[in-house]
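The structure appears below as structure tokens.
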Amino acid sequence: MREELSSPSFSHTNYLKGKQILRLIQEGIRVTAMIEMGATQCLWKIYLCAYSLILTFVAYVLICCTPGQIMIRHEERRAQMMKSELRKAVHSLELRKLKKDEFDLAEETCVVCLETYKPREIVRILTCRHIFHKRCIDRWLLKRGICPICNYAIIQGN
């Protein structure tokens with residue numbers, strides 16, 4: 001009869017330890033194994049790791065993305081307010097219907113469309129006293145907000 005060898009107990013078995021146990025069995029050495037459901041000891045580590053990842057992601061979103069979204073919304077609101085102010089300012093500028101004897105219409109041209117002024121055309125007179133076709137300058141001012149000749153800002157402070 002062979003003498004029994006005592007082998008160390010394993011808390012878990014990996015591939016190499018499993019091969020060792022198999023070799024002992026193949027040599028005829030009696031091996032006693034007790035199988036228990038483990039992993040409950042490590043479960044809290046898995047949960048901790050998962051929650052840490054989730055909290056890290058949430059913190060990243062809050063720190064990195066939220067301020068950017070706030071700034072974008074602020075800029076959009078500011079642009080809308082600016083457009084509204086421009087629209088009001090443009091519509092408050094003086095309009096006039098040109099008369100034949102007002103000035104030499106043949107020599108004057110609208111710098112936006114490069115056409116000469118004709119009698120009975122409606123023109124807009126800017127604060128800087130430059131004159132343009134209403135249809136031309138309204139679109140120009142709503143996009144740019146400045147006089148195309150002298151760059152005078154229609155809304156002061158911009």
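The values are calculated or read from the model by the stated rules, or taken from the named source; none is laboratory data. Just so it is clear, the structure is predicted and the values come from calculations on it, not from any experiment. In this analysis, Cβ positions are derived from the backbone assuming ideal geometry, glycine residues included, and neighbour counts consider all displayed protein chains.
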Sort through ILE63, ILE154, ILE146, ILE72 and tell me the only one that's touching a Phe, Trp or Tyr at 6+ places or on another chain (Cβ under 9 Å) and either among the hydroxyl-bearing types (Ser, Thr, Tyr) or at pLDDT 85 or above (or both).
ILE146
Taking ILE35 as the residue in question, decide whether it is modelled with pLDDT of 85 or more and part of a loop (DSSP other than H, G, I, E, B).
no
Yes/no for ALA79 being over 22 Å from CYS147 (Cβ atoms) and within 40 Å of the chain's Cα centre (by Cα):
no
Are any residues in the range 83-101 among the charged types (D, E, K, R) and in contact (Cβ under 8 Å) with a residue 12 or more places away in the chain, and if so, which ones?
LYS83, GLU85, ARG87, GLU94, ARG96, LYS97, LYS99, LYS100
Per the filter on the range 14-32, residues part of a helix (DSSP H, G or I) and either modelled with pLDDT of 80 or more or touching a Ser or Thr at 6+ places or on another chain (Cβ under 9 Å) (or both) are LEU16, LYS17, GLY18, LYS19, GLN20, ILE21, LEU22, ARG23, LEU24, ILE25, GLN26
Screening SER11, SER52 for residues that are farther than 30 Å from LEU142 by Cα and modelled with pLDDT of 90 or more leaves only SER52
